[in-house]
Amino acid sequence: MALKAVFFDLDDTFYTSFQACDAYAYERLAAWAEDALGVSGAAFTEAFRQARQQLARQQPGMPPVHDRVLFAQRALEQLGCDAIGQARRAHRVYWDAVLEKMVLRPGVTALLDDLRCAGIRTAVCTDMLADIQMQKLEQLGLSGRIDYLVSSEEAGMDKPGAPIFWLALQKCGCLPHEAIMVGDNFRHDIQGALDVGLAGVWLNWTDLPRPADTRPYIEAHTFTEAAAYIRTLL
């Protein structure tokens, strides 16, 4: 394999864990709703969750399902609050909490630096809106170490849809057999990559059972393991 590019997922791949960050963000949202709006924090966060689920059902696989402004807007409307005036504030409370809670995985910075020294292009392929993913990369100290960000907002569809991978290939100027995808979500990251001809490294950090997919891919249980394999390709 003549490696020319490495693609990475962001959430739960470069840092851990989004689930913990999300839970903390809901705690902060509840406190904010009580202090700023004078409503029950539990009622607000429940309405926020319901809006999140509604959008996921209405627009499956589409980027708007990640937009916390939309979740907040619907929740505020349901509670009879000023949605136009407060939705963006709720959005900021949520993401400030997530950014505060993120922890960079060991080995990420060193691998990105090694790839750059080797002339290998890097791209983050992520299901999310571009603005917040840029903020995460800046917060993690990775913005200057990544060549390209490819969000599902830019590609128009979430993974495992092919557009995000094809756009990353186009940006990096390589063919599928010259790139590899690293990610924690087997269906979105690995199956999606394999479907368009990329190699895959599954970061199975939660020790899930091996999926019933007979196509070849690499399984790693830590980012350090994944990085060690990628270095064998340089």
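How do the peptides 146-153, 62-69 rank, highest first, by the average count of neighbouring beta carbon atoms within 10 Å per residue?
Sorting 146-153, 62-69 by mean packing, highest first, produces 146-153, 62-69.
Could you grab the Rg to Rh ratio for the stretch 1-83? Cα atoms only, Kirkwood for Rh. Write out the running numbers ahead of the final one.
Working: Rg = 16.5 Å, Rh = 14.5 Å.
My calculation puts Rg/Rh at 1.14.
Modelled label-to-label distance, ASP114 and ALA23, 7 Å Cα→beta-carbon offset: nm?
With each label placed 7 Å out from Cα toward Cβ, I get 3.2 nm.
With the cut-off at 1.5 for a/c, could you classify the stretch 69-127 from its C-alpha gyration tensor as rounded, prolate or oblate?
prolate
Return the long-range amide H neighbours of TYR15 (sequence gap of 5 or more, or a different chain), with a cut-off of under 5 Å between placed amide H atoms.
Correct list: ARG105.
How big is the shadow of the Cα convex hull of the stretch 79-234, averaged over all directions, in nm²?
10.9
Using mean Cβ contacts within 10 Å as the protection proxy, how do 92-100, 121-129 order, highest first?
Working: 92-100: 17.7, 121-129: 23.6.
Ranked by mean Cβ neighbours within 10 Å, highest first: 121-129, 92-100.
Give the ranking of GLU178, GLU138 by solvent-accessible surface, highest area first, calculated with a 1.4 Å probe. Numbers along the way, then the final one.
Details: GLU178 20, GLU138 125 Å².
Reading off the accessible areas and sorting them downward yields GLU138, GLU178.
To the nearest 20 debye, what is the magnitude of the charge dipole of the chain about its Cα centre, counting +1 on the Cβ of each Lys and Arg and -1 on the Cβ of each Asp and Glu?
260
How many Å² of accessible area per residue for the chain, probe 1.4 Å? Numbers along the way, then the final one.
Working: 10450 Å² over 234 residues.
With the other protein chains kept in place, the chain gives 45 Å² per residue.
For the stretch 175-215, just say rounded, prolate or oblate: build the C-alpha gyration tensor, square-root its eigenvalues into a ≥ b ≥ c, call rounded for a/c under 1.5, and beyond that prolate if a/b exceeds b/c, oblate if not. Walk me through the numbers on the way to the answer.
Values: a/c = 2.57, a/b = 1.72, b/c = 1.50.
Since a/c reaches 1.5 and a/b is larger than b/c, the shape of the stretch 175-215 is classed as prolate.
Determine the calculated [θ] at 222 nm for the chain from helices alone, applying -39500 (n - 2.57) to every DSSP H run no shorter than 4 residues and normalising by the residue count; nearest 500 deg cm²/dmol.
Computed ellipticity for the chain at 222 nm equals -14000 deg cm²/dmol.
Cβ neighbours within 10 Å, averaged per peptide: list 160-172, 206-218 in order, most packed at the top.
160-172, 206-218
The values are calculated or read from the model by the stated rules, or taken from the named source; none is laboratory data. These numbers were taken from a predicted model, which means no experiment stands behind them. Because the Cβ atoms are built from the backbone with ideal geometry, glycine has one as well, and the counts that use them run over all protein chains shown. When the accessible area is computed, the model is the full protein with side chains, heavy atoms only, and any ligands, DNA or RNA have been set aside. Shrake-Rupley method; radii C 1.70, N 1.55, O 1.52, S 1.80 Å.
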